[in-house]
Amino acid sequence: MQLLELTPAELVFLKTAPVATARAQRLTHHLASVLSARLRLPVTLHAVLTPELAHSGSAPVWLPDAALASLWLIRRLGGKHVSGMAPFVPHTLIRTLNEVLAERWLDGSAPAEALPIACAWQFTADHTQARLAVQLPHHLSEMTNWARGVIRHG
């Protein structure tokens, strides 16, 4: 059996595929669990490629899309079906995502293992498809200080 040559697009994908560290896998699993509980729906998250965007802050920046923001808002207010798009990202969604990230960052199971600077997931719940991404500070010490502050004030 003869193998076909990889296309240029396939080669680029293989060279830039995300490395799934144990910490990143635990974060993905915990995010899915918490979002499932809060939304009262089974949620699946799959890591996807994301470009590393410029971020020079000392705190993570979450980038949920409008579909996820709408689903969160409708389900947290007791609704069952999503219609329309939320014009803003609810603060409670960001707070929940921050708490999950801070807990996973400080869990102590892999202190020297960092997450990539940017992580993104394809989100699926019920009939909703969405994207969720986070940009992290470049320095591990900034991330640790941020996570301690979230846990302390949460």
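The values are calculated or read from the model by the stated rules, or taken from the named source; none is laboratory data. Predicted model, so just to flag it, every value in this text is computed and none were measured. Ideal geometry is used to build each Cβ from the backbone, glycine not excepted, and the neighbour counts take in all protein chains shown. Heavy atoms of the whole protein, side chains included, go into the accessibility calculation; ligands, DNA and RNA do not. Shrake-Rupley method; radii C 1.70, N 1.55, O 1.52, S 1.80 Å.
Annotations for the structure displayed:
- Restricting attention to region 115-154, the residues being assigned to a loop (DSSP other than H, G, I, E, B) and over 11 Å from THR50 (Cβ atoms) number 8.
- Residue list for region 73-83, restricted to those being without any contact (Cβ under 8 Å) to a residue 24 or more places away in the chain and farther than 19 Å from LEU63 by Cα: LEU77, GLY78, GLY79, LYS80, HIS81, SER83
- Candidate set: region 1-23, residues that are at pLDDT 60 or above and outside any helix (DSSP H, G or I); chosen: the one most open to solvent (accessible area, probe 1.4 Å): MET1
- If you go through region 119-152 and keep only what is open to solvent by 10 Å² or more (accessible area, probe 1.4 Å) and small (Gly, Ala, Ser), you end up with ALA133, SER141, GLY149.
Conditions tested, residue by residue: (1) at pLDDT 95 or above; (2) not in a helix (DSSP H, G or I); (3) not hydroxyl-bearing (Ser, Thr, Tyr).
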site: GLN25; (1), (2), (3): no, no, yes
site: ALA32; (1), (2), (3): yes, no, yes
site: LEU35; (1), (2), (3): yes, no, yes
site: HIS46; (1), (2), (3): no, yes, yes
site: THR50; (1), (2), (3): no, yes, no
site: GLY57; (1), (2), (3): no, yes, yes
